[in-house]
Amino acid sequence: MSMNIVCLDLEGVLVPEIWIAFAKESGIPELKRTTRDEPDYDKLMKWRLGILKEHGLGLKEIQETIAKIDPLPGAKEFLDELRSITQVIIISDTFTQFAQPLMKKLGWPAIFCNTLEVAPDGEITGFKMRCEKSKFTTVKALQSCGFETIASGDSHNDLGMIRASKAGFLFKSTEQIKKDNPDLQAFEEYSDLLDAIKKVL
């Protein structure tokens, strides 16, 4: 019996994109850019932090927006069922300070993510990535401990872990990413993703 771990992306897959929600709430449309638009995460985050600084916005304001975000409809039920049949880890490029309230709403699944560096006044001064190419590296590490991984995500930064896994699926992805990766099965509904995962467990 092989030991499987399902590795899921968070934003766009289980919860709405945090930065898009914050862009709407703060009225700063430039913050709508995500890893779907800018594959270089380091560049994207530095650019975001510059905009926050310019507008005098900090962690508190973003957390207030996150408190209003609910998981995507059906996400918690999907996770509950998946976790009843196999191990699941959420691997995300988001930050502990953002993820916590969302993990509560999802029933506290395990999450591997990054951390923000925050000044005493609440200004976000930087960020600390857990490791290089965090999703791909984490999947490879799990495999080196004897696990087989099954991965799903929606963005450029999920392709590494999807392709490195014994099975991988795009979920709620963009038309462009689907077109660029025609060999990957792509799903829009949790029930379809769940069926696909069950088949390879």
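The values are calculated or read from the model by the stated rules, or taken from the named source; none is laboratory data. Keep in mind the model is a prediction, meaning the values are calculated, not measured. Note that we place each Cβ from the backbone using ideal geometry, even for glycine, and neighbour counts take in every protein chain shown. Ligands, DNA and RNA are stripped out before the accessible areas are found, and what is left, the full protein with its side chains, is counted by its heavy atoms. Shrake-Rupley method; radii C 1.70, N 1.55, O 1.52, S 1.80 Å.
Within straight-line reach of residue 43, meaning a Cα separation under 19 Å, sit the following aspartates and glutamates at least 8 residues removed in sequence or on another chain: 11, 17, 30, 54, 93, 117, 123, 132, 158.
The accessible area of residue 3, taken with all protein chains in place and a 1.4 Å probe, comes to roughly 100 Å². Sites listed here are GluC sites (Glu not before Pro) in region 153-192 whose DSSP assignment is loop and whose Cβ has at most 15 other Cβ atoms within 10 Å: 188, 189. Each of (i) 27.1; (ii) 16.8; (iii) 17.3 is a candidate for Kirkwood radius over Cα pairs in Å; the one calculated from this structure is (iii).
Rolled with a 1.4 Å probe across the full set of protein chains, the surface gives residue 9 an accessible area near 10 Å². The charge dipole of the chain, taken about its Cα centre with unit charges on the Cβ of Lys, Arg, Asp and Glu (plus for the first two, minus for the last two), comes to roughly 400 debye. Largest first, the residues 138, 125, 96 sort by 1.4 Å accessible area into 125, 96, 138.
Estimated from helices alone, the mean residue ellipticity of the chain at 222 nm is -12500 deg cm²/dmol (sum of -39500 (n - 2.57) over DSSP H runs with n ≥ 4, per residue). Would you mind checking the pairs 60/166; 68/172; 105/179; 24/179; 140/178 and listing those with alpha carbons more than 31 angstrom apart? Result: 60/166; 105/179 exceed 31 Å.
Restricting to Cα pairs below 8 Å that are 6+ residues apart, what does the relative contact order work out to for the chain? Please round to a whole percent.
Relative contact order of the chain: 24 percent.
For region 88-171, the set of GluC sites (Glu not before Pro) satisfying both a DSSP loop assignment and a count of at most 12 other C-beta atoms within 10 Å is given as 132. Rolling a 1.4 Å probe over the heavy atoms of the protein chains gives region 1-99 an accessible area of 45 Å² per residue. Quick one: which residues, 5+ away or cross-chain, put their amide H under 5 Å from the amide H of residue 171? H built at 1.01 Å from N. The list, which skips near neighbours in sequence, is 153, 154, 187. Accessible-area rank, largest first, for 172, 179: 179, 172, with all protein chains present and a 1.4 angstrom probe.
Taking the 1.4 Å solvent-accessible surface of the chain as the whole, the part contributed by carbon and sulfur is 53%. Per residue, the accessible area of region 123-200 comes to 49 Å², computed with a 1.4 Å probe over protein heavy atoms only.
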